[in-house]
Structure formats: structure tokens, C-alpha cells
Amino acid sequence: MTRRTLLKFTVCAALALTASGAFAQAFPTKPIKVIVPFPAGGTTDIVARLVAQRMSETIGQSVLVENRGGAGGQLGAEAVAKAPADGYTMLIHNVTFPLASAAAQLAGRPLYNVDTDFAGVSIAVYVPLVITANPAVPVKDLRDLAKLLQGDRNLHYSYGSTARSSRR
């Protein structure tokens, strides 16, 4: 090995050793906040708490769930969009996120830009949509139920979902 090669090798090794300290910053160094843009107790909240618990066990750092309900999930999403982009604030939303974001944009009231303020990380769960009715209701499928409800405007019914319940 020539002196020049040895010198190059030594300089490269020294640079590599000093640079590695700059790249080896620990993450996370503080608790991570997961914002759920709905009230506590719903499906999204339950999923967020399960994910947060597993994350905390895996990374050895606290992962806190904060519920910020309101405006169909828009207020919680806005809080995440305005948080520093440092990986310490995350959003766990549900399937309504794209639709609610598009509706706010079309209404001229966007609280954030869904294309630039968020980066998708993962789909946590798939939650099936199930519609059930009392067996006495004279329908065999969703199409029949829609026809029944449209055909008699005086017909009273009630429904429930993770977002709301109502009676008509």
C-alpha cells in the first residue's frame, strides 16, 4: 500500500467516524402525540390506543393519544397539519378523511392542504361496514331498504354509527 493510498484511507476513515455521530441522533427523545380527530370511545379512538400502546412498547417511549373532535375530523387534522414536521405528532383518522378534506376544499374552507401537509404512513385496520335491520323489516338487502325508506316519507326509523345516532 502506498503512502498516498494509506493517507486517503485514513482521511476517509476519520471523516466516516466523525460524521456517524451526527447521523446517530436518537429518535424518539420525547413522547409522541397521536391525535384522533373524534371523541373518545369510537372505533378510531380504540384503534389509536391499540396502536399507541404497541408503538410505546416497541420504541420504548411514551405515545399519548389526544382526542380533538369537531368539524367531522377537520379540527384534529388541522392541529396535526400545523404541528412541527418532526415526527412527534401523528394523525390517526378514518375512511372519511379524504372526503371531509375534499368537502372543506370545495366549500372554500380548507384548514389544511391534504396533499402537502400530510404523508401517509400506514393503514392500521380495515373496518367493515355492516348494516343490520330487525328481521320484521320487509327487506332482503340494502336496495330494498332504500326503496322502502324512499317510498314512505312518513316512515320513522333510527340508525346509529360511530359518528352519530339519529331518528327520523
Could you tell me which of the residues A79, A85 is assigned to a loop (DSSP other than H, G, I, E, B), at pLDDT 90 or above and under 30 Å from P31 (Cα atoms)? A85
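Every residue, every condition in (1) aliphatic (A, V, I, L, M); (2) under 30 Å from L155 (Cβ atoms); (3) open to solvent by less than 40 Å² (accessible area, probe 1.4 Å), yes or no:
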{"residue": "I35", "(1), (2), (3)": "yes, no, yes"}
{"residue": "G70", "(1), (2), (3)": "no, no, yes"}
{"residue": "A77", "(1), (2), (3)": "yes, no, yes"}
{"residue": "A102", "(1), (2), (3)": "yes, no, no"}
{"residue": "Y126", "(1), (2), (3)": "no, no, no"}
Leading residue by the ranking (surrounded by the most Cβ atoms within 10 Å (Cβ to Cβ)) among those in segment 37-66 that are assigned to a helix (DSSP H, G or I) and of a type in the set (A, V, I, L, M): A48
Within segment 88-100, restricting attention to residues that are open to solvent by less than 50 Å² (accessible area, probe 1.4 Å) and either basic (K, R) or part of a helix (DSSP H, G or I) (or both), which residue is farthest from I35 (Cα to Cα)? A100
For residues that are out of contact with any Asp or Glu (no Cβ under 7 Å at 6 or more places or on another chain) and assigned to a loop (DSSP other than H, G, I, E, B), tally how many sit in segment 103-119. 11
What is the one condition in (1) surrounded by fewer than 15 Cβ atoms within 10 Å (Cβ to Cβ); (2) at pLDDT below 90; (3) part of a loop (DSSP other than H, G, I, E, B) that T162 does not satisfy? (1)
Does L111 fit the bill of being modelled with pLDDT under 95 and either over 30 Å from F27 (Cα atoms) or exposed (fewer than 15 other Cβ atoms within 10 Å of the Cβ) (or both)? no
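The values are calculated or read from the model by the stated rules, or taken from the named source; none is laboratory data. These numbers were taken from a predicted model, which means no experiment stands behind them. Cβ coordinates were reconstructed from backbone atoms using ideal geometry, including for glycine residues, and neighbour counts include every protein chain displayed. The protein model used for the area step is the full one, side chains on, heavy atoms only, and it has no ligands, DNA or RNA in it. Shrake-Rupley method; radii C 1.70, N 1.55, O 1.52, S 1.80 Å.
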